[in-house]
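Quick notes on the structure that follows.
The values are calculated or read from the model by the stated rules, or taken from the named source; none is laboratory data. Predicted model only: the values in this text are computed from it and were never measured. Neighbour counts are summed over all protein chains in view; Cβ atoms, including those assigned to glycine, are modelled from backbone coordinates with ideal geometry. SASA here: full protein model, heavy atoms, side chains in, ligands and nucleic acids out. Shrake-Rupley method; radii C 1.70, N 1.55, O 1.52, S 1.80 Å.
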Amino acid sequence: RALLGAVLWCVWWRAAAERVRYAIPEELGRGSLVGPLARDLGLSADELPARKLQLSEEKQYFTVNEENGNLYVNERLDREEMCGESATCSVSFEALVHNPLNIFHVEVTIEDVNDNSPVFSKASLDLEIGEWTLPGARFPLEIARDVDVGTNSLLTYQLTSNPCLTLAVMENPDGSKQPELVLETALDREKQSSFELVLTAVDGGEPARSGTVQVRINVTDANDNPPVFSKRVYEARVAENLPVGSLVLRVRATDADTGSNGMVSYSFGNVPDSIRGLFTVDSNSGEVRTAGPLDFEEKNKYIFGLEARDGGGLTSHCKAQIDITDENDNAPEITLLKMSSPVPEDAPTGTVVALLKVRDRDSGENGQVSCELLGEAPLSIVASPGGSYKVVTASALDREQAASHRSFFELVLTAVDGGEPARSGTVQVRINVTDANDNPPVFSKSVYEARVAENLPVGSLVLRVQATDADAGTNGRVSYSFSNVPGTISSLFAVDSENGEIRTTSPLDFEEKNKYIFGLEAKDGGGLLSHCKVQIDVTDENDNSPEI
């Protein structure tokens, strides 16, 4: 955190990526067409090879054809396996294009097909009905379960025809249908001691699918009161990550009968195995406790049925609704999707240098993420839809301003959620920067002076000039030469193009001329120039005899 530079907070990028949506039915075979992705992104067939359209999804449910840009199914999609009982089901991912680099959010909705039949948890249902039971009495039957959603999971019930027993259907608070057996006429055990009927559940799909269960009724002489729950729906609200064995709620049913006929035991109704893996119900006390970890991010509401059965076999049913509240148990996850590296130091403002995705699986404030970028580079981070972010240049990158003239900038991206206490995630990014010839050579002095005696031997060193260039590579290599000097200068002196040494090429004569002033030029590999002046004073030697 001691890095130089300001903290740059997330802002919305005005060039935010577009959102493309498709809808397909589940169970499509591999290679099935989803949609013309390239066309919907505004890409022509001629652009595809250069733009390099690719997908960034973590699990490759889909693939894109490099030749035509169409989006295809990569593996069979089972909506119930992917989304469970959720009313909606979709897969979101990003489509990346290059030259220039950009990101688009793609959402594919998986529509349900009627590929599951209603299922009863038991092969048969056993009921005990006393012969003294009055007509109009109702006996709840098991609810079938259909893992499809929407109209495909809406169930109707049918019962084989019988003059003594008919079927009625009640609607539960959650909208599900509760089949009930209705006694139309009093039973006479001496005439018929048992009945065998077939209950059929039919879903609302097209074509419809069905499931059956055998209903076996034993006519008894006692137990004329079924258990009665104190509520039709028991509700509880618990936090995720509760320790296993924690009490969630308690149900209670009473039975007006005495003896074994009035003893009530509790159990699950027809519930999926996933419910049995997360909760237990005590058969004696009716306490519902956790049997496994509850994860809000996986599912935030559980609704399931409980059954109360007395010693004579009469049953009653209720619903348990458990709402899971979120805890801040997930830190933000940062994924580097793409890097543009290296980046020219004179890249225009707004150039995308990196694409990232930030995800926090929590919800509400616990899942709201803020980002900051720490480092010395003039970069900023901007948000795109779907939790994607772009790292863009806020101004021109100056490689020479980087610490120790390095050819890269090191940045740290931190994402912090809004939980209490907050959780954070970080990722380090190195941006490589290529040099541009934006610095001319610089002489160490504007005027170089030297005093030398006349009659120096040819090749003697007079002085040395030096110029430095902050650029790298060929752009920083400096060569030296005369700058618009007369022929008399070039005949007396020579400058070494590599080291800047000025040496004599002819004898100097004080009596002929005692001062020389001329210009030198330094030129880097990119053609940028710099100039300086050279002043050489020649001192007199006693090299002449008197003339008479």
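Magnitude of the Cβ-charge dipole of the chain, K/R +1 and D/E -1, about the Cα centre, nearest 20 debye? Before the final figure, lay out each step's value.
Working: 48 positive and 85 negative charges, 98 e Å.
Dipole magnitude for the chain comes out near 460 debye.
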Residue-wise HN-Hα coupling along the range 542-547, computed from phi with Karplus coefficients 6.51, -1.76, 1.60 (Hz; x: Gly, Pro): 7, 10, 10, 7, x, 10
Mind ranking 256-265, 346-355 by how tightly packed they are, going by the mean number of other C-beta atoms within 10 angstrom, highest first? 346-355, 256-265
Report the accessible area of Thr212, computed with a 1.4 Å probe over the heavy atoms of all protein chains in place, in Å² rounded to the nearest 10. 90 Å²
Taking a label point 7 Å from the Cα of Arg237 along the Cα→Cβ vector, which residues of the range 309-346 have an amide N closer than 18 Å to it? 320-328
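Using the crude model of +1 on Lys and Arg Cβ and -1 on Asp and Glu Cβ, and no other charge, please compute the dipole size for the range 193-268 relative to its Cα centre, in debye to 20. Numbers along the way, then the final one.
Values: 7 positive and 9 negative charges, 64 e Å.
Using Cβ point charges on Lys, Arg, Asp and Glu, the range 193-268 gives about 300 debye.
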Largest first and to the nearest Å, give the Cα extent of the chain along each principal axis. 172, 49, 30
Can you grab the distance from the C-alpha centre of the range 481-498 to the C-alpha centre of the range 383-446, Å, no decimals? 45 Å
Kirkwood Rh in Å, taken over the range 491-548 so that all alpha-carbon pairs contribute: 14.0 Å
Theoretical gain in end-to-end length, Ser193 to Leu134 [0.36 nm per residue, Cα-Cα removed]: 19.6 nm
Compute from the Cα atoms of the range 333-434 the Rg and the Dmax, the latter being the longest Cα-Cα distance, and quote both in angstrom. 14.5, 45
Given a 1.4 Å probe, how much area per residue of the range 183-270 is accessible, in Å²? 56 Å²
Two-decimal Rg to Rh for the range 124-220 - Kirkwood Rh, Cα set: 1.02
Ignoring any ligand, DNA or RNA, what whole percent of the accessible area of the chain comes from carbon and sulfur when the probe is 1.4 angstrom? 48 percent
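I'd like to check one number: the per residue accessible area of the range 95-176, probe 1.4 Å, reported in Å² as a whole number. Please report the intermediate quantities before stating the final value.
Working: 3670 Å² over 82 residues.
The answer is 45 Å² per residue.
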Rounded to the nearest 10 Å², what accessible area does Arg250 show when all protein chains are kept and the probe is 1.4 Å? 140 Å²
Expressed in nanometres to one decimal, the distance between label points 7 Å along Cα→Cβ at Glu512 and Asn172 is 11.6 nm
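Where Rh denotes the Kirkwood radius from the mean inverse Cα pair distance, what is Rg over Rh for the range 19-111?
The Rg/Rh ratio comes out at 0.98.
Give the shape of the range 229-325 as rounded, prolate or oblate, defined through the alpha-carbon gyration tensor: a ≥ b ≥ c are the square roots of its eigenvalues, a/c under 1.5 means rounded, and otherwise the shape is prolate if a/b is larger than b/c and oblate if not.
Values: a/c = 2.37, a/b = 2.29, b/c = 1.04.
Judged from the Cα gyration tensor, the range 229-325 comes out prolate (a/c at least 1.5, a/b above b/c).
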Take Thr335, Thr290 and sort them by solvent-accessible surface of the protein heavy atoms, 1.4 Å probe, largest at the top. Thr335, Thr290
Please work out the Cα convex hull volume for the range 400-516 and give it in Å³ per residue. 143 Å³
Per residue, accessible area of the range 333-434 with a 1.4 Å probe, heavy atoms of protein chains only, in Å², comes to 42 Å²
With charges only on Cβ, +1 for K and R and -1 for D and E, what is the dipole size of the range 19-111 about its Cα centre, in debye, rounded to 20? 340 debye
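Grab the Cα-Cα distance for Asp537 and Arg216, subtract it from 0.36 nm times how many residues apart they are, and report the gain in nm with one decimal.
Values: separation 321, 0.36 × 321 = 115.56 nm, distance 12.65 nm.
Here the segment from Asp537 to Arg216 would lengthen by 102.9 nm.
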Taking θ as phi - 60°, what are the ³J(HN,Hα) couplings along the range 384-395 by the Karplus curve (6.51, -1.76, 1.60), each to the nearest whole Hz, with x for Gly and Pro? 10, x, x, x, 8, 9, 10, 9, 10, 6, 8, 7
Unit charges at the beta carbon, dipole of the chain: most positive-side option, Pro163, Gly259, Leu134: Leu134
Toward the positive end of the charge dipole of the range 290-358, about the Cα centre and with charges on Cβ (Lys, Arg +1; Asp, Glu -1), which of Ala331, Pro293, Ser316 goes farthest? Ser316
Only residues of the range 237-262 count here: report those whose backbone N is under 20 Å from the spot 7 Å along Cα→Cβ of Asp329, or say none. 237-249
DSSP-defined beta bridges in the chain - what % are antiparallel, rounded to 5: 80 percent
Given 25 °C and 0.890 mPa s, how large is the Stokes-Einstein diffusion coefficient of the range 280-374 in µm²/s, with Rh as the Kirkwood radius over Cα pairs? 132 µm²/s
So, in Å, what gap is there between the alpha-carbon centers of the range 84-102 and the range 148-222? 45 Å
List the residues of the range 219-255 whose backbone N lies under 19 Å from a point placed 7 Å from the Cα of Gln321 along the Cα-to-Cβ direction. 229-240, 248-252
Between Arg250 and Thr426, with labels modelled 7 Å along Cα→Cβ, what's the label distance in nm to one decimal, could you check? 5.0 nm
